[in-house]
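**Student:** Input: one structure, supplied below.
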Protein chains: 2
Amino acid sequence: MFESAELEHDIDKTRFEEEYPRLRTELLNVQFDLIEAKRFPVILVAAGMEGTGVIDTLARANTVLDARHVVTFALDAPTEEESERPHMWRFWRVLPPKGEIGVYVGSWYTEPLTGRILDKSDTAEFEQQLDALNRFEAMLAAEGALILKFWLHLSKDEQKKRLKRFGSSTRTKWRIEESPWGGSKRYKEAKHAAEHMMRVTSTEHAPWLAVNASNQYYRSLTIGHTILDAIRTRLSRPEETAQVTAPVNVPSLDRKTVLTALDLSLNLEKDDYKKQLEKYQERLNELVWSKKFKKRSVVLVFEGNDAAGKGGAIRRVIEFLDPRRYRVNQIAAPTDEELAQPYLWRFWRRIPRRGHVAIYDRSWYGRVLVERVEGFCSEADWRRAYGEINDFEQEMSEAGIIVIKFWLAIDKDEQQQRFKAREETGYKRYKITEEDWRNREKWDEYADAVCDMVDLTSTSAAPWTLVEANDKYHARVKILKTICEQIEEKLK
Amino acid sequence: MFESAELEHDIDKTRFEEEYPRLRTELLNVQFDLIEAKRFPVILVAAGMEGTGVIDTLARANTVLDARHVVTFALDAPTEEESERPHMWRFWRVLPPKGEIGVYVGSWYTEPLTGRILDKSDTAEFEQQLDALNRFEAMLAAEGALILKFWLHLSKDEQKKRLKRFGSSTRTKWRIEESPWGGSKRYKEAKHAAEHMMRVTSTEHAPWLAVNASNQYYRSLTIGHTILDAIRTRLSRPEETAQVTAPVNVPSLDRKTVLTALDLSLNLEKDDYKKQLEKYQERLNELVWSKKFKKRSVVLVFEGNDAAGKGGAIRRVIEFLDPRRYRVNQIAAPTDEELAQPYLWRFWRRIPRRGHVAIYDRSWYGRVLVERVEGFCSEADWRRAYGEINDFEQEMSEAGIIVIKFWLAIDKDEQQQRFKAREETGYKRYKITEEDWRNREKWDEYADAVCDMVDLTSTSAAPWTLVEANDKYHARVKILKTICEQIEEKLK
């Protein structure tokens, strides 16, 4: 895999000084076009053998490109706020928006690769980590990102020489300040792990390019030209809508679905309701104050038909909770900062810290519900969302977050009654709009979307609970009971 | 000061249950109007004697109001990321955007008040802290925020009773989990400090309201009605432009100014330039890697005439710096999230962590330069900006951030030559636009604005350095030398 990259190249200073200024002008120009177009972000990952000057490459990128539109990220130890959240949170925090360039030295590859080189992880774990990164990059690419990954390579002898040389100058010593892999002592292990990494994670949408780094002129020109060509080519292509190759789901032939299987006549008497509600509210309060909860957090997702009672249920959940411990998020139209990022970005930024509860009144499922039915995104977008959402919830779950999801189901008659009642109430925020009535006309399409959602995203890490919500008392008690039971189960 | 607040009130459950539902409907309706109008944020601060149920009040606010549009903030210990930045950063992080309500229990008052009650600070320090908070709130109010501050009061006997009662129930014990002031043991000190705080920080735009808290019905109805009236009144008033009462600055009568006093003929030979540049680049690199720097950070502000060479100077500053340690920020048009916040918010969010350098290509000074000259903000807005900027830089400075500011000055002829040269270059980002030529016509107005800026914001915490920039070599060396010297001075 490193055959070409171990060939030494012989580009001299004269040729470099002749070509470099022109390359720089062209790079700045194409970056200008990128900024103006604001169509996609560029993600550059650099990694390499110790001593190859990976950080130097980054430094150079920053002085060659317009640094004001470059986000650089280097892997420091995670901060406290980062370590309280899923592993990938720190990378989501620093993704470049559309039009900008993100340069990652010390990227999502650093930890898996270092772990493997130092033999802290075995091949199977390594493979699993790389697989997750492939899915992450596939998502970025599907969201439009242009991803280029450079592996800077050196032969063993060359590496020895360079590590020695760099260490001697104050101007360059930061380039090799740390040698976490042990320098040339572990050359073989590093090469082996890197080869494996590149083989598994070189994909059509995020390829690795191995570059010989012993000749700095060769290295700079090669990387520069690669970036230039990639951005230029991408800018010259019209924006395309991804094609869907997946088979179309067939709705249940006899209309028997997880929704029609619900017994919506379930109900609770007022006295019973009051007693049980209070019981579970108290239990929830105790759970949130328990010692074990300090290392966990909870994400509560509320989805449901319009007027199914999400707001009322959320109010009962928070009624006796310490307001310092929870946050209710309403998912409305994205801001322009959110629109410049992958779809899930606006949810990643709201992931709760340890010891906290985050409540979502509507959620990331908007993509496979309203956006699917109303055609607000392409079919390819909502189809890939199921997998991306599963990955997202899996990552939360692995980080100790308890993810609990509710679909509040009412029938069409009940909805009509509630709409009519709302039209008479004095609460402005309950006002029924034209849109609400319009959505009702698509009742069956929404039902199909809900059934697909439940089938495709009810995982053991984050199962759906369907709530019979024609009777509000029954619904609220079922919700609180489920929350308590699932938290208890996970705190065991 | 607590005369009324020590009167016990006698509102019974019957009256409460009669009035409360109507109040809640009205509050939700007015909140709906607030969200729709998106004209201003509402900031509610709650504080009070221990045992008054301040947090309970917050909890209630969250269940009465539409919690999805309420930001609640409670003072936990600062996180690592917070403690690496100026004291007020954590509050700026959680300011509600326009249309939303922020509820603060444990606010910017908590630390000063607790410090005074426990006698960790003396009256003078306390006074100084409160003074800074007054300026903070004056800024928020000038930016449009509606601020209401509630002090929940109790007599000493009542406090004793309540602390005992709360502690006995699991449902309520979190209300008094901690008693950092020592409960009724320090009643007198708490009352005394609170009185002082309220006297000093009850301003026309951010008044304190003391409420007797012994009767929960009285408390809830009083606070609810106060909030309702305040938001309703404010919404019913048209938006007004603040009047300027300050005297108008008279430009220097003989046109002798800090700018005309510069010797723009200063220059450097190429050889000398290369030698000196390299010297200071190396020194800067060493400074940033020094042990002492780990606890500090640097903010570099670059302002100057169009085409004065800011970009080129910044490129020389970062040329040999470790890219993991700096970030170049370009201040362009604010995003919609930034527009929904006070002017300085978008700069607060970019304050560097310890050990890092943040470089600003244009900065918060836009307000008193381009926005002033082009009339993009009201006169009142840019006039108050001088003081707000001084406070902002003072807070950075107190947190150990070294603030270094450059004005790059060229003369009108030099600018013309550079514009013409740029029109011929191949760099798209240097393209000279109509706007650049238009700005040139306002040369004198910009000069007046620059002189006022230097006079009003050159402080010992953050002095301006004027750079003679007709000769780029001279300018770059002066900038690097100044940066090195000022960092060295501060690290001593």
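The values are calculated or read from the model by the stated rules, or taken from the named source; none is laboratory data. What you see is a predicted model; the values in this text were computed from it and never measured. Heads up, the Cβs are rebuilt from the backbone with ideal geometry, glycines too, and the neighbour counts pull from every protein chain shown.
**Student:** Would you point out the residue of segment A:79-109, among those that are within 9 Å of chain B (Cβ to nearest Cβ) and among the hydrophobic types (A, V, I, L, M, F, W, C), that is nearest to residue A:8 (Cα to Cα)?
**Tutor:** Top of the filtered list is A:105.
**Student:** Just wondering, is there one or more residues in segment A:113-136 that are part of a loop (DSSP other than H, G, I, E, B), in contact with an Asp or Glu (Cβ under 9 Å, 6 or more places away or on another chain) and buried (at least 18 other Cβ atoms within 10 Å of the Cβ)? Give the steps one after another, and end with the answer.
**Tutor:** Step one: list which residues in segment A:113-136 are part of a loop (DSSP other than H, G, I, E, B), which gives A:118-122.
Then drop every residue that is not in contact with an Asp or Glu (Cβ under 9 Å, 6 or more places away or on another chain), which leaves A:118-119.
Filter once more, keeping what is buried (at least 18 other Cβ atoms within 10 Å of the Cβ): none.
No: zero hits.
**Student:** In segment A:20-39, how many are among the aliphatic types (A, V, I, L, M), within 10 Å of chain B (Cβ to nearest Cβ) and more than 19 Å from residue A:239 (Cβ to Cβ)?
**Tutor:** 1
**Student:** Given the residues B:421, B:380, which is the only one that is over 30 Å from residue B:271 (Cβ atoms) and either surrounded by fewer than 17 Cβ atoms within 10 Å (Cβ to Cβ) or out of contact with any Lys or Arg (no Cβ under 6 Å at 6 or more places or on another chain) (or both)? Give the derivation first.
**Tutor:** Numbers: B:421 fails: over 30 Å from residue B:271 (Cβ atoms).
Unique residue meeting the criteria: B:380.
**Student:** Give just the number: which of (1) free of Cβ contacts under 8 Å to residues at least 40 places away in the same chain; (2) out of contact with any Asp or Glu (no Cβ under 9 Å at 6 or more places or on another chain); (3) within 9 Å of chain B (Cβ to nearest Cβ); (4) farther than 25 Å from residue A:395 by Cα does residue A:76 not satisfy?
**Tutor:** Residue A:76 satisfies all of (1) free of Cβ contacts under 8 Å to residues at least 40 places away in the same chain; (2) out of contact with any Asp or Glu (no Cβ under 9 Å at 6 or more places or on another chain); (3) within 9 Å of chain B (Cβ to nearest Cβ); (4) farther than 25 Å from residue A:395 by Cα except (4).
**Student:** I've got another one for you. Residues A:260, A:233: which one is assigned to a loop (DSSP other than H, G, I, E, B), hydroxyl-bearing (Ser, Thr, Tyr) and either within 11 Å of another protein chain (Cβ to nearest Cβ) or on the phi < 0 side of the Ramachandran plot (or both)?
**Tutor:** Working: A:233 fails: assigned to a loop (DSSP other than H, G, I, E, B).
Answer to the check: A:260.
**Student:** Please name all residue pairs, on different chains or six or more residues apart, with Cβ atoms under 7 Å, provided the first residue is in segment A:17-33 and is free of Cβ contacts under 8 Å to residues at least 40 places away in the same chain and the second residue is part of a helix (DSSP H, G or I) and not aliphatic (A, V, I, L, M).
**Tutor:** A:28/B:429; A:29/B:428; A:32/B:428; A:32/B:429
**Student:** Among the residues that make up segment A:249-259, is at least one of them crowded, with 20+ Cβ neighbours inside 10 Å, out of contact with any Pro (no Cβ under 9 Å at 6 or more places or on another chain) and modelled with pLDDT under 95?
**Tutor:** Yes, there is a match, as at least one residue in segment A:249-259 is crowded, with 20+ Cβ neighbours inside 10 Å, out of contact with any Pro (no Cβ under 9 Å at 6 or more places or on another chain) and modelled with pLDDT under 95.
**Student:** While we're looking at this one, here's another question. Would you be able to tell me the number of residues in segment B:446-464 that are more than 15 Å from residue B:260 (Cβ to Cβ) and surrounded by fewer than 18 Cβ atoms within 10 Å (Cβ to Cβ)?
**Tutor:** Counting residues in segment B:446-464 that are more than 15 Å from residue B:260 (Cβ to Cβ) and surrounded by fewer than 18 Cβ atoms within 10 Å (Cβ to Cβ) gives 6.
**Student:** Here's another thing I want to ask about it. In this structure, is residue B:27 in contact with a strand residue (DSSP E or B) (Cβ under 9 Å, 6 or more places away or on another chain) and in a helix (DSSP H, G or I)? Lay out the reasoning, then the answer.
**Tutor:** Numbers: in contact with a strand residue (DSSP E or B) (Cβ under 9 Å, 6 or more places away or on another chain): no; in a helix (DSSP H, G or I): yes.
It is false that residue B:27 is in contact with a strand residue (DSSP E or B) (Cβ under 9 Å, 6 or more places away or on another chain) and in a helix (DSSP H, G or I).
**Student:** Now, a different point. Which of (1) more than 10 Å from every other protein chain (Cβ to nearest Cβ); (2) over 20 Å from residue A:477 (Cα atoms); (3) crowded, with 18+ Cβ neighbours inside 10 Å; (4) of a type in the set (A, V, I, L, M, F, W, C) is the odd one out, the single condition residue A:406 does not satisfy?
**Tutor:** (2)
**Student:** Looking at segment B:359-366, can you tell me whether even one residue there is touching a residue at least 24 places away in the same chain (Cβ under 8 Å) and over 30 Å from residue B:41 (Cβ atoms)?
**Tutor:** First, the residues of segment B:359-366 that are touching a residue at least 24 places away in the same chain (Cβ under 8 Å): B:359-366.
Now restrict to residues that are over 30 Å from residue B:41 (Cβ atoms): B:359.
Looking for residues that are touching a residue at least 24 places away in the same chain (Cβ under 8 Å) and over 30 Å from residue B:41 (Cβ atoms), one finds at least one in segment B:359-366, hence yes.
**Student:** Oh, and also: Considering only residues that are within 23 Å of residue A:187 (Cβ to Cβ) and crowded, with 20+ Cβ neighbours inside 10 Å, which ones fall in segment A:73-105?
**Tutor:** A:105
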